[in-house]
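Contents: one structure, followed by commentary.
The values are calculated or read from the model by the stated rules, or taken from the named source; none is laboratory data. Owing to the predicted nature of the structure, the values given are computational and were not obtained by experimental measurement. Cβ placement follows ideal geometry from the backbone for every residue including glycine, while neighbour counts extend to all protein chains displayed.
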Amino acid sequence: MRVPDLDLDLLRCFVQVAERGGFTAAGQALGLTQSAVSLKVKRLEDVLGKPVLARTSRRSELTREGETLLAYARRMLAMNDEAVRRLIAPPVTGRLRLGVADHFIPRSLAPVLARFSATFPDLRLEVEVGRSHELRAAEAAGTLDLVLGKRRDGETEGRAIWTEPVVWAAAPGWSPPAGRPIPVAMLPQGCMFRDRALAALARAGLEFEITFVSPSLLGIAAAAQAGLAAMVLGRSGMPEGVVELAGLPPLGTAEMALFGDAAGRTQVVEPLIAIIREHAAGPSLTGAMAGSRDVL
């Protein structure tokens, strides 16, 4: 059986629909009408012989095959765009000051920086790691160009990269001590995860005690790894030596986004987002299609 070739133009259209939450928004981003976007997605489905979107009278959602395709499509488009930039586009020079929330560090930062530097060897990359709200304040003050950090609940600023569960974690086999307040390790005040975790414990009527405070996620992780306390973090940032902890109040989800004025930096921003998505352990944007109101 001959394996069909996938058209990158159709894949790019499909990815835009998935990431932007609907056909209308995808069409606006691509400069196409909603019907043109629908036609391209239909052509892609014809090639695959499988539906990638489940259409109803109220919304459109990714099918299981669509979720699988989305991961491959992003990688294929990233490789295509990287090859074109290296062979055709003029080299990107200058300086990019990037702030990265330390929740992203444990597993993902090193490969992202390595891939980005290899893609733009003539660009001077300066990275500052810290807490999301402090990095965003630095971007607003003009000392950083772009920031990869957390969105607060209900916030719409920035460009969403992915959504993931916020979880409790502790050393393997650890459990809260019986008859005593739950020991927790937290970042200082101002951390969204801290506020959410403490509010969840209070609502559940559970006694707790903040026994360890550090401005660094790695410091918090050290306390958890040592079996001194439970910690809170996004699931994708789970460091070695800790596992997800069940039995404590659920903490919902958190959205990571890229903040900053991207004017004049399109050549850099789009590849950076693609690389982050490829290497991030977190899932792609949860429910990106759930809010779509487009009817085909």
Next item on the list: Please state which of the following conditions GLY99 fails to meet, knowing it meets all the rest: (1) over 25 Å from ARG151 (Cα atoms); (2) touching a strand residue (DSSP E or B) at 6+ places or on another chain (Cβ under 8 Å); (3) modelled with pLDDT of 90 or more.
Entry: (1)
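Condition check ((1) out of contact with any helix residue (DSSP H, G or I) (no Cβ under 9 Å at 6 or more places or on another chain); (2) touching a residue at least 40 places away in the same chain (Cβ under 8 Å); (3) not basic (Lys, Arg)) across all residues:
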residue	(1), (2), (3)
MET192	no, yes, yes
ARG203	yes, yes, no
LEU206	no, yes, yes
GLU209	yes, no, yes
SER216	no, yes, yes
GLY234	no, yes, yes
GLY241	no, yes, yes
Next item on the list: Could you grab me the full set of residues in region 15-43 that are farther than 22 Å from PRO4 by Cα, among the charged types (D, E, K, R) and in contact with a Cys (Cβ under 8 Å, 6 or more places away or on another chain)?
Entry: none
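Taking GLY94, is it of a type outside the set (Asp, Glu), in contact (Cβ under 8 Å) with a residue 12 or more places away in the chain and surrounded by fewer than 16 Cβ atoms within 10 Å (Cβ to Cβ)? It would help to see each step written out before you state the result.
Numbers: of a type outside the set (Asp, Glu): yes; in contact (Cβ under 8 Å) with a residue 12 or more places away in the chain: yes; surrounded by fewer than 16 Cβ atoms within 10 Å (Cβ to Cβ): yes.
Spelling it out, GLY94 is indeed of a type outside the set (Asp, Glu), in contact (Cβ under 8 Å) with a residue 12 or more places away in the chain and surrounded by fewer than 16 Cβ atoms within 10 Å (Cβ to Cβ).
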Margin query: Going residue by residue through region 165-178, is there one that turns out to be exposed (fewer than 14 other Cβ atoms within 10 Å of the Cβ), under 30 Å from PHE208 (Cα atoms) and at pLDDT below 90?
Written below: yes
Margin query: When you scan region 127-135, do you find a residue that is in a helix (DSSP H, G or I) and either in contact with an Asp or Glu (Cβ under 8 Å, 6 or more places away or on another chain) or of a type in the set (S, T, N, Q) (or both), even just one?
Written below: yes
Item checked: Residue in region 44-62 that is surrounded by fewer than 16 Cβ atoms within 10 Å (Cβ to Cβ) and touching a Cys at 6+ places or on another chain (Cβ under 9 Å) present -> no
Next item on the list: Report whether or not ALA138 is of a type in the set (A, V, I, L, M, F, W, C) and either in the same structural domain as LEU113 (by TED's automatic domain parsing) or touching a Gly at 6+ places or on another chain (Cβ under 7 Å) (or both).
Entry: yes
Check: Would you call THR163 in contact (Cβ under 8 Å) with a residue 60 or more places away in the chain and among the polar types (S, T, N, Q)?
Finding: yes
Next item on the list: Assess whether ARG43 counts as being of a type in the set (D, E, K, R), touching a residue at least 12 places away in the same chain (Cβ under 8 Å), over 18 Å from ARG159 (Cα atoms) and assigned to a helix (DSSP H, G or I).
Entry: yes
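Condition check: surrounded by fewer than 19 Cβ atoms within 10 Å (Cβ to Cβ) and touching a His at 6+ places or on another chain (Cβ under 9 Å). Does PRO121 satisfy that? Working first, answer last.
Details: surrounded by fewer than 19 Cβ atoms within 10 Å (Cβ to Cβ): yes; touching a His at 6+ places or on another chain (Cβ under 9 Å): no.
Taking the combined requirement at face value, the residue does not satisfy it.
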Next item on the list: Of the conditions (1) farther than 30 Å from MET231 by Cβ; (2) surrounded by 15 or more Cβ atoms within 10 Å (Cβ to Cβ); (3) not charged (D, E, K, R), LEU87 clears all except one; give me its number.
Entry: (2)
Item checked: Pick from region 1-16, criterion part of a helix (DSSP H, G or I) and in contact (Cβ under 8 Å) with a residue 60 or more places away in the chain, ranking: surrounded by the fewest Cβ atoms within 10 Å (Cβ to Cβ) -> LEU8
Next item on the list: Would you check if there is a residue in region 257-269 being of a type outside the set (A, V, I, L, M), touching an Asp or Glu at 6+ places or on another chain (Cβ under 8 Å) and not in a loop (DSSP other than H, G, I, E, B)?
Entry: yes
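Look through region 137-153, keep the residues that are assigned to a loop (DSSP other than H, G, I, E, B) and closer than 23 Å to LEU233 by Cα, and return whichever of them is modelled with the lowest pLDDT. It would help to see each step written out before you state the result.
At the first step, the residues of region 137-153 found to be assigned to a loop (DSSP other than H, G, I, E, B) are 141-145, 152-153.
Still in the running and closer than 23 Å to LEU233 by Cα: 152-153.
Working: ARG152: 82, ASP153: 79.
Among residues in region 137-153 that are assigned to a loop (DSSP other than H, G, I, E, B) and closer than 23 Å to LEU233 by Cα, the one modelled with the lowest pLDDT is ASP153.
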